[in-house]
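The values are calculated or read from the model by the stated rules, or taken from the named source; none is laboratory data. None of these values were measured; they are calculated from a predicted model. Counting neighbours? That spans all protein chains shown, and the Cβs are built from the backbone with ideal geometry, glycine included. Accessible surface is based on the protein model in full, side chains and every heavy atom, while ligands, DNA and RNA are left aside. Shrake-Rupley method; radii C 1.70, N 1.55, O 1.52, S 1.80 Å.
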Amino acid sequence: MVRAAVLPAVGSPLEITEISLPEPGPGQVRVRLAAAGVCHSDLSLSNGTMRVPVPAVLGHEGAGTVVSVGEGVTHVAPGDGVVLNWAPSCGACHACTIGEVWLCADALTGAGRVHAVAADGTELHPGLNVAAFAEETVVAANCVLPVPDGVPLTDAALLGCAVLTGYGAVHNAARVREGESVVVLGVGGVGLATLQSARIAGAGPVIAVDVSPEKEELARRAGATEYVVASDTTAREIRALTGKRGADVAIECVGRAATIRTAWDSTRRGGRTVVVGIGGKDQQVTFNALELFHWGRTLSGCVYGNSDPAADLPLLADHIRAGRLDLSALVTEQIALDGIPAAFDNMLAGKGARALIVF
Ligand SMILES: [Zn+2]
Ligand SMILES: [Zn+2]
């Protein structure tokens, strides 16, 4: 038996309870978690904004040590440090064939999904495949990637969602070039990773926007050269900071209609807006036909940083070892498993960035 945070039903508080895990079958790996980040998507899954079968063990951003492997697993062995990857790719569907592995049709339904069992015998679903809000988890082998050398497990925990997403938004989705102006809306874990990635890309100015004035120091430490407290005049303020033109690139890390519209309004003619934030179906963004023509802007969605984790993790590791990417700067709080509900409350209140569960 291991301790886990279980979501009994959508909208219910998480329960810290003992669960039993199966031994890893063929193509599966058992991992003892070292650390796991609490991501906004976990909150969205728990309150029904995103759907998940329940009861479920949430948590999709973590790293740990391999305890045991099932038949046929060769890329990791017991004792290895691994990063959990919640979006495994099958290598065979159309998206995988054309190199867009982040859109793999099988990512959320793939073979090898493991269901843990609660003490009373109820089957538990793994939220986003990896069920990281637990002391141990059993996952499909393609949900683990070796931790790059020289990266501590507590830092590696954040690679699997926030950092791949933020880095990928800048480098894969927006393709930020040196000297371009970038605005990042929303200074949470992903927003901070995005700011650091814009700094790595040599962008400037790098403008952070958040509703909270208290996040300025965090944002500046992550590479923001300007800080704007969100208001009705945000787009105007950003134009003033970018030669009255507007930013070359806006990256929205909130997932609200109003913020997406502000991001778009903040870019120059021909500018690019990348939406990373995950919002609900009720968030309708509108554009009139004339402005689409006049401004010549692009707006794109972005899933998991449009990343191929196997290719991008080694790049991230280089940046970490060289001190260009500081993952500890994303963490505003270290907690235990029973601290997740309070971490959710902080997210709702817009306080802090990443809460990291350290096991
Ligand atoms: Zn996430
Ligand atoms: Zn696929």
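Side notes on the structure shown:
- Flag for THR49 being among the hydroxyl-bearing types (Ser, Thr, Tyr) and open to solvent by less than 50 Å² (accessible area, probe 1.4 Å): no
- Of all residues in the range 114-137 being polar (S, T, N, Q) and crowded, with 20+ Cβ neighbours inside 10 Å, the one that is farthest from ALA9 (Cα to Cα): THR137
- Test: residue in the range 164-172 that is open to solvent by 10 Å² or more (accessible area, probe 1.4 Å) and within 16 Å of ligand 1 (Cβ to nearest atom): yes
- Only residues that are open to solvent by less than 30 Å² (accessible area, probe 1.4 Å) and of a type outside the set (Lys, Arg) were counted in the range 205-226, giving 10.
- Residue count, the range 253-262 (criterion: assigned to a helix (DSSP H, G or I) and open to solvent by less than 50 Å² (accessible area, probe 1.4 Å)): 4
- Considering the range 82-95, the residues that are closer than 25 Å to VAL29 by Cα and open to solvent by 20 Å² or more (accessible area, probe 1.4 Å) include one that is farthest from ligand 2 (Cβ to nearest atom), namely TRP86.
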